[in-house]
Amino acid sequence: MLRLLSFKLPLMQHLRRFGVQGPSKCVCCQNLPCEEEVNHVFCTSELARQIWEFFELYDDEVSSVCTVRHMILRWWLRPSKTKYLTYAYRILPSLICWELWKVRNSMVFEGRRVGYERIARQIFQQLCELFHTQFPDLKGLLFL
């Protein structure tokens, strides 16, 4: 997350500064490909929007966000009434960004496309496992 939030990930946007040439087209978009840059890959690409919307409580909030920092901070600073929701709001952006990064790399280096449903399922499974670790008293309440 530190590398992501400080824009230090090896995307074509940054590699060009070091003389590395390559395709600048984002592999996460099928319909309207854009340049591969941090905010696009993790926030505004077709795949990223589908994932964020899957976990979002209010549909209209995702469309108003255009930077990954804004999206993450909005989740981290979201008020909640329980320690469980607070934990979910703090950990979920990291899980989403990690899975988006893995899928992006899988598409770039292996040519494998993954549907957003599968990615969302993996994120939810990881969230459940972290909940079981953080809150052992919830054993059996969350289903995988």
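The values are calculated or read from the model by the stated rules, or taken from the named source; none is laboratory data. Keep in mind that what you see is a predicted model, and the values were worked out from it rather than measured. Cβ placement follows ideal geometry from the backbone for every residue including glycine, while neighbour counts extend to all protein chains displayed. Note: accessible area is taken over every heavy atom of the protein model, side chains too, but ligands, DNA and RNA are not part of it. Shrake-Rupley method; radii C 1.70, N 1.55, O 1.52, S 1.80 Å.
Does segment 53-63 contain any residue that is assigned to a loop (DSSP other than H, G, I, E, B), of a type in the set (Ser, Thr, Tyr), modelled with pLDDT of 90 or more and surrounded by fewer than 15 Cβ atoms within 10 Å (Cβ to Cβ)?
Of segment 53-63, the ones assigned to a loop (DSSP other than H, G, I, E, B) are 56-58.
Okay, now just the ones that are also of a type in the set (Ser, Thr, Tyr), so 58.
Adding the requirement that they be modelled with pLDDT of 90 or more leaves none.
No, segment 53-63 has no match at all.
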Check your understanding: Does Leu4 satisfy the condition of being assigned to a loop (DSSP other than H, G, I, E, B), at pLDDT 70 or above and not polar (S, T, N, Q)?
Key -> no
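Give the residue that is most open to solvent (accessible area, probe 1.4 Å), with candidates limited to residues of segment 84-106 that are more than 14 Å from Ile51 (Cβ to Cβ) and among the aliphatic types (A, V, I, L, M).
Keep residues of segment 84-106 that are more than 14 Å from Ile51 (Cβ to Cβ), which gives 84-91, 105-106.
Now restrict to residues that are among the aliphatic types (A, V, I, L, M): 85, 88, 91.
Details: Leu85: 76, Ala88: 14, Ile91: 43 Å².
It comes out as Leu85.
To keep it simple, each residue is scored yes or no on (1) within 20 Å of Val27 (Cβ to Cβ); (2) surrounded by 14 or more Cβ atoms within 10 Å (Cβ to Cβ); (3) at pLDDT below 90.
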| site | (1), (2), (3) |
| --- | --- |
| Asn39 | yes, yes, yes |
| Ser45 | yes, yes, yes |
| Arg74 | no, yes, no |
| Arg78 | no, yes, no |
| Val108 | yes, yes, yes |
| Tyr116 | yes, yes, yes |
| Ile119 | yes, yes, no |
| Gln125 | no, no, no |
